[in-house]
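Okay, so here's the structure we're looking at.
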Amino acid sequence: MNARIVVAGSLNADLTIYCERLPMPGETLHGNGFAVNPGGKSANQAVAAGKLGAAVTLIGAVGQDSNGDMLVASTGGAGVDVSHVQRVAEPTGVAIISVEDSGENSIIISAGANGTLSPAAMEPALFDGAGVVCLCLEVSLATVQAAAQAGHDAGATVLLNLSPYAPVPAELAQLTDVLLVNAHEASQFLDGLAMPDADAPAAAWHGALSAFAARGLKQVLVTLGAQGSVVLDSSNTAEPVVRIAPTVVRAVDTTGAGDAFTGGVAARLAAGDTLIEAARYASVAAALAATKKGTQTAYPSVAEVAPTLNGG
Ligand code: RIB
């Protein structure tokens with residue numbers, strides 16, 4: 001079926017220093033490389049889905065600067081419709097990123113132009129015919145709420161990536177069809193409820209399943225880094241908890257791997273997969289994304305995912 005995806009949210013220039021290990025508070029370290037890459041969770045998710053064959057529209061804002069040019073070129077180059085990415089007076093959003101040799105990263109963002117993306121930009125007509133809407137929390141909650149409402153009203157499946165973490169108003173939770181969280185965000189959302197160990201069996205996840213359902217969230221994907229992910233779906237009585245095994249790779253840079261996962265889930269849901277099928281596919285895409293430096297430039301195509309997905 002291949003329904004259209006609307007991604008509404010952030011675009012950032014990622015200023016990345018590669019280093020042997022992440023610095024401690026107050027510590028200065030020598031890095032061993034620097035790069036400016038296109039990033040921002042929403043732009044990354046849009047590119048990930050676009051590279052996986054989805055028709056994607058991105059709604060966002062960048063500055064009238066070279067970073068904005070880079071982001072429009074990167075997202076547009078992946079086939080994403082960027083005609084609703086505004087060029088505003090504020091500078092393009094920036095992320096300061098450190099990536100250590102293990103591939104682990106730390107990120108601080110400065111919203112810049114992303115902070116100007118208003119609820120009014122979420123025009124209902126932009127969501128007409130959308131099958132999936134992808135959201136994260138790098139733009140204002142009011143804007144996310146407006147996009148979720150427009151997506152819901154259009155009959156789309158609304159995906160909310162709860163990153164960077166913020167408490168979710170009940171109205172936004174009600175509009176969310178699929179919540180995407182890492183274990184830390186899941187625990188924060190559930191008022192500190194501890195998540196099972198990453199290698200725990202599926203049965204250990206029933207407490208979290210019930211806690212999410214009690215908050216109105218029936219479908220939740222919990223990513224576990226190198227340990228894979230878990231699909232929690234209280235609307236699926238046959239398989240309410242499914243562990244997705246990790247795709248084992250040598251991680252070089254995990255920045256944006258979660259966005260590759262979200263974009264992959266969106267692409268496969270738009271293509272008609274079940275949530276479990278979509279999570280399996282996205283898990284491979286995210287693992288492959290971590291094998292190269294950067295985010296959007298590292299995301300795999302359908303042809304690159306296929307051999308690993310099929311056990312190659
Ligand atoms: O998820 C990774 C992304 O987070 C980076 O591209 C950075 O821009 C921040 O938004």
Where the second residue is open to solvent by less than 70 Å² (accessible area, probe 1.4 Å) and at pLDDT 95 or above and the first is basic (Lys, Arg) and lies in segment 291-305, which pairs have Cβ atoms under 6 Å and are six or more apart or on separate chains? Lys292/Ala298
Of all residues being over 30 Å from Glu20 (Cα atoms) and polar (S, T, N, Q) in segment 31-65, which is least open to solvent (accessible area, probe 1.4 Å)? Just the residue, please. Thr57
What are the residues in segment 277-290 that are of a type in the set (D, E, K, R) and touching a residue at least 24 places away in the same chain (Cβ under 8 Å), if any? Arg280
Members of segment 1-59 found to be away from the ligand (no atom under 15 Å from the Cβ), in a strand (DSSP E or B) and in contact with a helix residue (DSSP H, G or I) (Cβ under 9 Å, 6 or more places away or on another chain), listed by number: Arg4, Ile5, Val6, Val56, Thr57, Ile59
Spot the failing condition for Glu304; the list is (1) within 16 Å of the ligand (Cβ to nearest atom); (2) over 19 Å from Val158 (Cα atoms), and only one is missed. (1)
Quick one: how many residues across segment 115-149 are within 16 Å of the ligand (Cβ to nearest atom) and either on the phi > 0 side of the Ramachandran plot or outside any helix (DSSP H, G or I) (or both)? 8
Is it the case that Val302 is more than 23 Å from Asn12 (Cα to Cα), open to solvent by 60 Å² or more (accessible area, probe 1.4 Å) and among the β-branched types (Val, Ile, Thr)? yes
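Pick out, from segment 66-114, the strands (runs of 3 or more DSSP E) lying fully within it that include 1 or more residues that are farther than 21 Å from Asp253 by Cβ, out of contact with any strand residue (DSSP E or B) (no Cβ under 7 Å at 6 or more places or on another chain) and open to solvent by 40 Å² or more (accessible area, probe 1.4 Å).
Qualifying strands (runs of 3 or more DSSP E): 81-88.
The values are calculated or read from the model by the stated rules, or taken from the named source; none is laboratory data. Remember, predicted model here, so these are calculated numbers, not experimental data. Here Cβ is always computed from backbone atoms with ideal geometry, including for glycine, and neighbour counts include all displayed protein chains. Side chains included, ligands, DNA and RNA excluded: accessible areas come from the protein's heavy atoms. Shrake-Rupley method; radii C 1.70, N 1.55, O 1.52, S 1.80 Å.
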